[in-house]
Amino acid sequence: MNDISLRISDLKHQRDAVILAHYYVDGAVQDIADYVGDSYYLSRVAKESPHPVIVYAGVRFMAESAKIMSPEKTILMPDPSASCPMAHMVNEKDILAVRARHEDLTVVCYINSTTLVKAYSDVCVTSSNAVKVVSKLSSRHILFIPDRNLGSYIAGFFPDKSFLFLDGFCPIHNIISANAVRNLLSSYPEAKVLAHPECRREVLELADYVGSTSGIIYEAARSDVSTFIVCTEEGVRHQLMKDNPSKTFHFPVSAPICPDMKKITLDNLAASMEHMSHPIEIDENIRQKALGSLIKMHELAG
Ligand code: 13P
Ligand code: SF4
């Protein structure tokens, strides 16, 4: 172990902390984490963790979701500015305006949303549980926010429901073009295309498999194909290569990188545990309101 890894390991014991990392953070940070996974898996780990301190190597909505579920725990963000831009693309006024127009409506918010938006929503989802959760909703109208790409992908499973969207999207996934995927396919016609549902419809139409970051990683390991075109943030390459050293992974020409996820480093992770910085704080009133949509997600997703 090098110096910084030893320091992190010491601090973790001193603070009785657990480190959770998303697949999009730097490989070195993933390697030092106790748990690495997709948003849903990490939210379950955070909820069930016996440790009083959770260090979140990810973006703000993930750390806030952990705090909403477990207010008694200290949730630390190594870089408090790491935030998902899509989470800020809708607000509570947008929700109220749609609610005023539709009676038989459920507001489904992707976990990549602010705490306030969760507070005004009925249920939360992640990319790995959205189909299951929506299948258990009885209302005819679904307002799916903020991600219109994920929303329209999920809507395809429910032809009897009427989906409404606002204008949210992930700038990282939205930039992946069908042409970039086609170009790769012309060089590697035998490749299997794996895509995250935050990609645009025309990219998903080229995909052999659509799923969350964990889903993509499991599918690559399970498949007997050895060449893949991966349409998601390039951080997943780290786990893909670990699990499948003999397989080849190609990413669309302009490699999709989430700059916010990359703000987490070994240095700020260590500093965060050393100084107990930067703890998530949420107004108790808003937390109580947002809790309902997360509890409902965990209930319905099972
Ligand atoms: P996953 O839930 O698939 O890990 O996705 C999180 C995310 O931010 C995708 O951009
Ligand atoms: Fe947000 Fe996209 Fe980054 Fe995921 S990859 S955290 S959706 S900006």
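Tabulated values for the structure
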| quantity | calculated |
| --- | --- |
| Matching residues, the stretch 245-302, being part of a helix (DSSP H, G or I), within 15 Å of ligand 1 (Cβ to nearest atom) and among the hydrophobic types (A, V, I, L, M, F, W, C) | M261, L294, M297, A301 |
| Per-region count, the stretch 72-121, residues in contact with a strand residue (DSSP E or B) (Cβ under 8 Å, 6 or more places away or on another chain) and either part of a loop (DSSP other than H, G, I, E, B) or more than 30 Å from K12 (Cα to Cα) (or both) | 25 |
| Some residue of the stretch 42-53 being open to solvent by 70 Å² or more (accessible area, probe 1.4 Å) and in contact with a Leu (Cβ under 6 Å, 6 or more places away or on another chain) | no |
| Qualifying residues in the stretch 82-107 (those that are within 23 Å of S128 (Cβ to Cβ) and away from ligand 2 (no atom under 16 Å from the Cβ)) - the one least open to solvent (accessible area, probe 1.4 Å) | V107 |
| Residues satisfying the stated conditions in the stretch 165-193, i.e. under 30 Å from N91 (Cβ atoms) and touching a strand residue (DSSP E or B) at 6+ places or on another chain (Cβ under 7 Å) | F165, L166, G168, F169, C170, I176 |
| From the options L11, L76, residue that is over 16 Å from G235 (Cβ atoms), in contact with an Asp or Glu (Cβ under 8 Å, 6 or more places away or on another chain) and either within 16 Å of ligand 1 (Cβ to nearest atom) or in contact (Cβ under 8 Å) with a residue 60 or more places away in the chain (or both) | L11 |
| Of all residues making up the stretch 141-200, the number that are touching a residue at least 24 places away in the same chain (Cβ under 8 Å), surrounded by fewer than 23 Cβ atoms within 10 Å (Cβ to Cβ) and in a loop (DSSP other than H, G, I, E, B) | 12 |
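The values are calculated or read from the model by the stated rules, or taken from the named source; none is laboratory data. Quick caveat: nothing in here was measured; it's all calculated off a predicted structure. Note that each Cβ is placed from the backbone with ideal geometry, even for glycine, and that neighbours are counted across all protein chains shown. The protein model used for the area step is the full one, side chains on, heavy atoms only, and it has no ligands, DNA or RNA in it. Shrake-Rupley method; radii C 1.70, N 1.55, O 1.52, S 1.80 Å.
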